[in-house]
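Peer 1: Take this structure first; my questions come after.
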Amino acid sequence: MPVQITEEGNAIIKGLVTGKLSKEDLEAGLPGIERSIAKHGKIYVLIELLDFTGWEVEAMWERMKFDTKHFDDIERIAVVGEKKWHEWFEQFSSPFSVAKTAYFQPGESEKAFLWLKGGRN
């Protein structure tokens, strides 16, 4: 399964994404994130891109619709993955969210998690 969504506690959601992301993958994972938003109000998201190869166009569109709907529901986003995906994420996601975003290299998941926790009140 290319997307695995888990709640790590204290309003922190972790999304592990592998391979190529499809619209169906997002449609399966986004309801869990929406439930967390309903439960906590604002959430903190850790996205780990592991052997990630990109997005299908339809998946990118679904992501933009989600980001627009939840424009200010996400407080912080930590993205762990190769630098090329950091640049892509910045270009295509930042206009649709006010979340503080930080980028981390592969192997820096713990550092990313600590950064997210540092934003918790």
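Peer 1: Hey, could you check region 55-85 for residues that are within 15 Å of Val3 (Cβ to Cβ) and among the β-branched types (Val, Ile, Thr) and say which is modelled with the highest pLDDT?
Peer 2: Looking at residues that are within 15 Å of Val3 (Cβ to Cβ) and among the β-branched types (Val, Ile, Thr), I get Val80.
Peer 1: Just to verify a result, which residue in region 96-112, among those that are farther than 17 Å from Leu16 by Cα and of a type outside the set (S, T, N, Q), is modelled with the highest pLDDT?
Peer 2: The qualifying residue modelled with the highest pLDDT is Lys100.
Peer 1: Regarding region 86-93, can at least one residue be identified that is polar (S, T, N, Q), within 21 Å of Pro2 (Cβ to Cβ), surrounded by 13 or more Cβ atoms within 10 Å (Cβ to Cβ) and without any contact (Cβ under 8 Å) to a residue 60 or more places away in the chain?
Peer 2: Among the residues of region 86-93, at least one is polar (S, T, N, Q), within 21 Å of Pro2 (Cβ to Cβ), surrounded by 13 or more Cβ atoms within 10 Å (Cβ to Cβ) and without any contact (Cβ under 8 Å) to a residue 60 or more places away in the chain, which makes the answer yes.
Peer 1: Considering only region 2-36, how many residues are in contact (Cβ under 8 Å) with a residue 24 or more places away in the chain and outside any strand (DSSP E or B)?
Peer 2: Matching residues across region 2-36 total 14.
The values are calculated or read from the model by the stated rules, or taken from the named source; none is laboratory data. The structure presented is a predicted model; accordingly, all values stated were derived computationally and were not measured. FYI the Cβ positions are ideal-geometry reconstructions off the backbone, even for glycines, and counts take in every protein chain you see.
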